[in-house]
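As structure tokens, the structure follows; a few thoughts come after it.
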Amino acid sequence: MISQILYFKTLYFLRIIFMIKLDISPDKFRNEFQSKKPFLVRNSFVPQITDQQIDEVVLRADIIQDDFKLNFEGKVLPKNKYVESFQDVGKIRHRFIKAALVDYMRRGATLIANKLYNEPLIYNYHKQIEEIANRPALSSLYISYGNEDDSSFRAHWDTRDVFVLQLVGRKKWILYEPNFEYPLPSQQSKDMEHVVKCPTTEPYMDVILEEGDLLYVPRGWWHDPVPCGERTVHLSVGTYAIYRNDYLHWIIQNILPSYPEARMHLDSYNSIDDLTAYANLIHEKLTDPELLRNFHRIHAVEHYRTNDTLNLNSLCDPNIEEIPEEKSLYINLFHCVEDLEKDIIANGTFLKIESRPEMRKVLQCILDHKGISTDTLLKKIPNLDKKYIKNMLFKLACFDIIRFD
């Protein structure tokens, strides 16, 4: 009994440590800040990452891929400057040239490990940001030891919204208002310097992030991250919106071919009236709420997956048919559920729950109380058969609709 109590206390303590606090509700953040203006939260979380864990994250990264970079003096270094290839029992492998890596880092280089997967410590923050932003995300780790005079970056904008979580040390961030709003992925600031330059006006924000601080930077906002002469490690969680162009492209590819206005040929002598009819058709479909809903459903099915633990011991043992009651339950959703009475989409699975009131009630309870234990859930809906609920939860976990830890 004592060991069980200690286990629960430890589990609760770890959840509190890894929790990100915004000081405002996610709804208020999305309405007032997301894609609009930066947002700074001091002491948003308690960093819990050791030197050994940082080393392990870097060692597990695929260093030969373009997603792994070493930035030095404003440029990305060629791989052969710090990575070597070798034969390992008939297979080509890659490893750091340690002396070169150390030399570059000591002279101000920044190590960047992009698109990190299967890293539980990092994914914990990653998942919370997805839920706050209501958008899928990618996580990157940045490590540097440089001074202000040898910064490996220049002022630039990103084509995604970024949440900066300062894990170790400090880093200075200088932000300027955008002069090219809402850039698309193909519109990188480094490729448009001849058209748009970083403003020379007063910065919108000039701040030093300390351990546990969180800074939100919308896409298109110029930012210049500057070292403070000490080790700095931060996690950058980029969130990815669905663009209006994506919706338009989907309609053009999947809906309009059914209509003759879209299939007609286009010659130089076609009248404007023909194109006007086509434009009216596009407008009609673009503003159809049911089409928009279907687009979001299909996008969720095709593009979004979570990256959670497999829970092999709990799910694969044929002698086990229930999720342990002390486990915390979550629904595998990244988007806000508009209508839980009809259906949900999680990890590519489309689940109709309109005719399943018991399942709807269980899922709604998990949605309203993220991290609820099975035991507590059973107490909140006492009118349902416990064995039936436990069996339902187990099947939902097997189909990746819910997760538990």
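The values are calculated or read from the model by the stated rules, or taken from the named source; none is laboratory data. Predicted, not measured: the structure shown is a model, and the values here were computed from it. Reconstructed Cβ throughout: ideal geometry from the backbone, glycine too, with neighbour counts over all protein chains shown.
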ask   = Which of the residues spanning region 350-405 are free of Cβ contacts under 8 Å to residues at least 24 places away in the same chain and of a type in the set (Ser, Thr, Tyr)?
value = Ser355, Thr376
note = The lone condition Ile208 fails out of (1) surrounded by fewer than 14 Cβ atoms within 10 Å (Cβ to Cβ); (2) in a loop (DSSP other than H, G, I, E, B); (3) hydrophobic (A, V, I, L, M, F, W, C) is (2)
ask   = What number of residues within region 383-405 are surrounded by fewer than 19 Cβ atoms within 10 Å (Cβ to Cβ), at pLDDT 90 or above and part of a loop (DSSP other than H, G, I, E, B)?
value = 3
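Name the residue that is nearest to Arg95 (Cα to Cα), counting only residues in region 65-77 that are without any contact (Cβ under 8 Å) to a residue 40 or more places away in the chain and in a strand (DSSP E or B). Before the answer, list the steps.
Start the filter on region 65-77 by keeping residues that are without any contact (Cβ under 8 Å) to a residue 40 or more places away in the chain, which leaves 65-66, 75-77.
This time we only want the ones that are in a strand (DSSP E or B), so: 75-76.
Values: Lys75: 21, Val76: 18 Å.
Among those residues, the one meeting the criterion is Val76.
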message = Anything in region 303-317 that is surrounded by 12 or more Cβ atoms within 10 Å (Cβ to Cβ) and of a type in the set (A, V, I, L, M)? List them, or say none.
response = Leu315
Test: Asn80 is more than 24 Å from Tyr176 (Cβ to Cβ), assigned to a loop (DSSP other than H, G, I, E, B) and out of contact with any His (no Cβ under 7 Å at 6 or more places or on another chain) = no
note = Per the list (1) within 30 Å of Leu215 (Cβ to Cβ); (2) modelled with pLDDT under 95, residue check on Lys69 breaks on (2)
message = Conditions first: (1) within 21 Å of Ser186 (Cβ to Cβ); (2) part of a helix (DSSP H, G or I); (3) among the β-branched types (Val, Ile, Thr). Ile242 passes all but one, so which condition is the exception?
response = (2)
message = I'd like to verify a number: residues in region 145-158 that are modelled with pLDDT of 95 or more and touching a Ser or Thr at 6+ places or on another chain (Cβ under 8 Å), how many?
response = 1
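In this structure, does Asp191 turn out to be surrounded by fewer than 18 Cβ atoms within 10 Å (Cβ to Cβ) and free of Cβ contacts under 8 Å to residues at least 40 places away in the same chain? Break it down into steps so the answer makes sense when it comes.
On the way: surrounded by fewer than 18 Cβ atoms within 10 Å (Cβ to Cβ): yes; free of Cβ contacts under 8 Å to residues at least 40 places away in the same chain: yes.
Spelling it out, Asp191 is indeed surrounded by fewer than 18 Cβ atoms within 10 Å (Cβ to Cβ) and free of Cβ contacts under 8 Å to residues at least 40 places away in the same chain.
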Count of region 40-64 residues which are free of Cβ contacts under 8 Å to residues at least 60 places away in the same chain and surrounded by fewer than 19 Cβ atoms within 10 Å (Cβ to Cβ) = 9
inquiry  = Being in a loop (DSSP other than H, G, I, E, B), under 20 Å from Thr376 (Cα atoms) and either touching a residue at least 60 places away in the same chain (Cβ under 8 Å) or not charged (D, E, K, R) (or both) is the filter here; which residues of region 311-330 pass it?
reply    = Glu321, Glu322, Ile323, Pro324, Glu326, Lys327
ask   = Only one of (1) outside any helix (DSSP H, G or I); (2) farther than 22 Å from Tyr145 by Cα fails for Gly108. Which number is that?
value = (2)
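In region 261-296, how many residues are in a helix (DSSP H, G or I) and modelled with pLDDT under 85? Spell out how you get there, then give the answer.
As a first pass, look at region 261-296 and keep what is in a helix (DSSP H, G or I): 261-263, 272-286, 289-296.
So of that shortlist, the ones also modelled with pLDDT under 85 come out as 272-274.
Within region 261-296, residues that are in a helix (DSSP H, G or I) and modelled with pLDDT under 85 number 3.
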note = When restricted to Trp173, Trp157, the only residue touching a Gly at 6+ places or on another chain (Cβ under 6 Å), crowded, with 16+ Cβ neighbours inside 10 Å and assigned by TED's automatic domain parsing to the domain that holds Leu214 is Trp157
task = Please verify whether region 172-180 includes one or more residues that are in contact (Cβ under 8 Å) with a residue 12 or more places away in the chain, under 22 Å from Arg106 (Cα atoms) and out of contact with any Phe, Trp or Tyr (no Cβ under 6 Å at 6 or more places or on another chain).
result = yes
ask   = So which of Ala113, Ala99, Ala137, Ala109 is without any contact (Cβ under 8 Å) to a residue 24 or more places away in the chain and either surrounded by fewer than 19 Cβ atoms within 10 Å (Cβ to Cβ) or closer than 21 Å to Val58 by Cβ (or both)?
value = Ala99
request  = Scan region 250-260 and give yes if some residue there is at pLDDT below 95 and either part of a helix (DSSP H, G or I) or out of contact with any helix residue (DSSP H, G or I) (no Cβ under 9 Å at 6 or more places or on another chain) (or both), otherwise no.
outcome  = yes
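Does Leu214 satisfy being exposed (fewer than 13 other Cβ atoms within 10 Å of the Cβ) and under 22 Å from the mean Cα position of the chain (by Cα)? Working first, answer last.
On the way: exposed (fewer than 13 other Cβ atoms within 10 Å of the Cβ): no; under 22 Å from the mean Cα position of the chain (by Cα): yes.
It is false that Leu214 is exposed (fewer than 13 other Cβ atoms within 10 Å of the Cβ) and under 22 Å from the mean Cα position of the chain (by Cα).
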query = Picking from Leu256, Leu235, which residue would you name as being of a type in the set (A, V, I, L, M, F, W, C), in contact (Cβ under 8 Å) with a residue 24 or more places away in the chain and within 30 Å of Val196 (Cα to Cα)?
reply = Leu235
